[in-house]
1. Any residue at all in segment 52-72 that is open to solvent by less than 30 Å² (accessible area, probe 1.4 Å) and either assigned to a strand (DSSP E or B) or at positive phi (or both)?
2. Here is a check on your reading of the model: is Val32 under 20 Å from Thr144 (Cα atoms) and hydrophobic (A, V, I, L, M, F, W, C)?
3. Across segment 15-51, which residue is farthest from Phe127 (Cα to Cα) among those that are small (Gly, Ala, Ser), open to solvent by 20 Å² or more (accessible area, probe 1.4 Å) and part of a loop (DSSP other than H, G, I, E, B)?
4. Name every residue in segment 119-161 that is open to solvent by 70 Å² or more (accessible area, probe 1.4 Å) and either touching an Asp or Glu at 6+ places or on another chain (Cβ under 6 Å) or among the polar types (S, T, N, Q) (or both), in order of residue number.
5. Could you tell me which of the residues Ala17, Ala58, Ala28 is hydrophobic (A, V, I, L, M, F, W, C) and under 14 Å from the mean Cα position of the chain (by Cα)?
6. Pairs only if they're at least six apart or on different chains, beta carbon under 9 angstrom, first in segment 137-158 and more than 10 Å from Ser15 (Cβ to Cβ), second open to solvent by 90 Å² or more (accessible area, probe 1.4 Å) and part of a loop (DSSP other than H, G, I, E, B); list them, first residue then second.
7. If you go through segment 125-166, how many residues are touching a Ser or Thr at 6+ places or on another chain (Cβ under 7 Å) and outside any helix (DSSP H, G or I)?
8. Looking only at segment 13-32, filter to residues that are of a type outside the set (A, V, I, L, M) and touching a residue at least 60 places away in the same chain (Cβ under 8 Å); which one of those is farthest from Glu155 (Cα to Cα)?
Amino acid sequence: MIKNERDLWKLLKKSSAGILFDRIENWAVPGVPDLLGYNQNKTFFTLELKATKGNKIALSPHQVSWHLRHGPGSFILVARSPKRGTSATCCKNTTRGGLARGRAHPKKNQDPGFVGGLRAGGPTHFFLYKGSQIMDLVEHGLKTKPIVGGLHISEIVRFLNGLGANAPRP
């Protein structure tokens, strides 16, 4: 279970084959993301790590400013732990291939399209957002649609490993 950003960092480091991460501990320039990543396609990106128990994500004004000023290579990874109340929302697959929000504790005969299960003791969910989505994250929290999300960190790593795959090679 992910309790804090340090736990998220340990899991990501262990699970990120093909990506080289450098942890940035920067007290001189507030707002700089936690990680600098370099993937197998020779693409650099930054990653801000966040751990939360609810839908709200704690982002400082410096972090917001940094992500607004930097381009498409900045991302925010959020891990939501399973200690949640009964009013939580979860994602549901729709017939059109999209996602919709629903009750965390579906009724007995509810649609089997629900993914997850956000009741206490359930799995941690991971959500990856573009840095450009930071204002939506501040305003709406995890109700903001992620670019990648799911029960396994491997889905996030696969996406980050694919960054720059279509870029021309020298």
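1. yes
2. Working: under 20 Å from Thr144 (Cα atoms): no; hydrophobic (A, V, I, L, M, F, W, C): yes.
Taking the combined requirement at face value, the residue does not satisfy it.
3. Per the stated criteria, the residue is Ala28.
4. Ser132, the sole residue that qualifies.
5. Ala58
6. Matching pairs, first to second residue: Gly141/Lys56; Leu142/Lys56.
7. 3
8. Here is the first cut: in segment 13-32, the residues of a type outside the set (A, V, I, L, M) are 13-16, 18, 21-23, 25-27, 30-31.
Imposing the further condition that a residue be touching a residue at least 60 places away in the same chain (Cβ under 8 Å) reduces the set to 15-16, 18.
Numbers: Ser15: 10, Ser16: 10, Gly18: 14 Å.
That would be Gly18.
The values are calculated or read from the model by the stated rules, or taken from the named source; none is laboratory data. Small disclaimer: the values here were computed from a predicted structure and weren't measured. Every residue, glycine among them, receives a Cβ derived from its backbone with ideal geometry; neighbour counts consider all protein chains shown. The area values use the complete protein model at the heavy-atom level, side chains included, leaving out ligands, DNA and RNA. Shrake-Rupley method; radii C 1.70, N 1.55, O 1.52, S 1.80 Å.
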